[in-house]
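What follows is a short report on a single structure.
The values are calculated or read from the model by the stated rules, or taken from the named source; none is laboratory data. Please read all numbers here as calculations on a predicted model, not as lab measurements. Virtual Cβ from ideal backbone geometry, glycine too; neighbours counted across all protein chains shown. Heavy atoms of the whole protein, side chains included, go into the accessibility calculation; ligands, DNA and RNA do not. Shrake-Rupley method; radii C 1.70, N 1.55, O 1.52, S 1.80 Å.
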Amino acid sequence: MLSTFLNHQWKSFWRSRNKAGSIAANILLGFFMLYFLAIAVSVGFGMGYIIEQFFPGKNVITVFNGFILYYFLFDLAMRMQLQELPTLSIVPYLHLNIQKKAIVNFLNIKSLFTFFNILPLFIFIPFSLIKVGPTNGALTGLAYVVSILSLTIFNNYLVLYLKRKSINNILYFALIIGFVTIFGGLDYFNIISVRAFSNLVFTGISHYPFLALAFTLAAVVIFVMNATYLYRN
C-alpha cells in the first residue's frame, strides 16, 4: 500500500499545473540542502579540531556532551517554524477499502524524510564513532548513536503532534515556543545551564550506556501519540 501512495504522489507532482515552478524550486532547494549537508559533514568529522580551537584546554568530549541537548532544543524551535506537515489527499482513499492504519503509516514514514532529520546525523554521529567510541568504548559510542537517532525522531514526531494539535488550538504552538524561549533565556543569564545539564546526561550515558534507551522510549511514546491522534482524526 505504501508503494501505491508513493506512486500516486509521484503522478500528482508531474501532472500538477505548476510543475515547472515546483521542479525549479526543488532544484534550488536541493542545492541549498547539499550545501548545508556538506557543512554538516565537515563539522561532524572535524568536530574534535573545532572544539580544540574554540575551547582550548578543555576536554573535547565534555564540550561535545554539553552541546547535544542544546542543539536539539534549538532544533525544536526551528522545526516549529519551518518543518512542514506531511500531507496526503486522503478523502479519495477513505471511500475505498483501505485501512486508516495504512494511511497513518504512510504519513508517519513520509515525515522522516526531511532535512531536519538528516542534519544531526551528519553532525553528531561521525564524532560519536571516531572519538567517543575509541575513547570510552564501542558500547558507549553505540549508545551515543542511539541517543542521537532517538532525539531526532522524538523532535520530529513531537513537532508534528503539536502542529496538528495547534490547528484547532494555537496554544500548543505558543507553549513550545515559550518553552524553548524560556530555557534559552535561563541559559543566557546563567540561571539554568542547558549545556551543564546536557553534559550531565551524556556523562551518565558514557558510564551507563543503557540509559540511552530512555531517549528511545520517549521517541516511541511520542510516535504512538502522534499515530493515535492521526488515526482518530
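Look at the alpha carbon pairs under 8 Å that are at least 6 residues apart: their mean separation over the length of the chain gives a relative contact order of 28 percent. A196 sits among other residues whose Cβ lies under 15 Å from its own Cβ, and their net charge, with Lys and Arg +1 and Asp and Glu -1, is +1. Of the labelled figures (1) 1, 5, 12, 14, 13, 11, 10, 9, 7, 6, 5, 3, 2, 1, 0, 0; (2) 1, 6, 11, 15, 17, 16, 14, 9, 6, 4, 2, 0, 0, 0; (3) 1, 7, 15, 20, 22, 18, 11, 4, 1, 0, only one reflects P(r) over Cα pairs in 5 Å bins from 0, in percent as derived from the coordinates, namely (2). As a fraction of the 1.4 Å probe accessible area of the chain, surface on carbon and sulfur atoms comes out at 70 percent.
Could you compute the longest span of the chain free of chymotrypsin sites (Phe, Trp or Tyr not before Pro) located in DSSP loops and having at most 15 other Cβ atoms within 10 Å, not counting the site residues?
1-112
How would you classify the stretch 99-233 from its alpha-carbon gyration tensor, with a ≥ b ≥ c the square roots of the eigenvalues: rounded for a/c under 1.5, else prolate if a/b is greater than b/c, otherwise oblate? Cα axes put the stretch 99-233 in the oblate bin. Toward the positive end of the charge dipole of the chain, with +1 on the Cβ of Lys and Arg and -1 on the Cβ of Asp and Glu, the farthest Cα among F64, I123, I153 is that of I153.
Within the chain, which complete DSSP H helices have Cα atoms spanning at least 27 Å along the helix axis and a mean Kyte-Doolittle hydropathy of 0.5 or higher?
19-45, 60-82, 138-166, 213-232
Straight Cα distances below 12 angstrom link K163 to the aspartates and glutamates E84, with same-chain residues fewer than 8 positions distant left out. How large is the dipole of the chain about the Cα centre if only Lys and Arg carry +1 and Asp and Glu carry -1, each at its Cβ, rounded to the nearest 20 debye? The dipole magnitude comes to about 880 debye. Rounded to 0.05, the FRET efficiency of the R232 and L37 pair, given R0 = 35 Å and the Cβ-Cβ distance, is 0.45. Taking every DSSP helix (H) stretch of at least 4 residues in the chain, weighting each as -39,500 (n - 2.57) and dividing the sum by the residue count yields a mean residue ellipticity at 222 nm of -26000 deg cm²/dmol.
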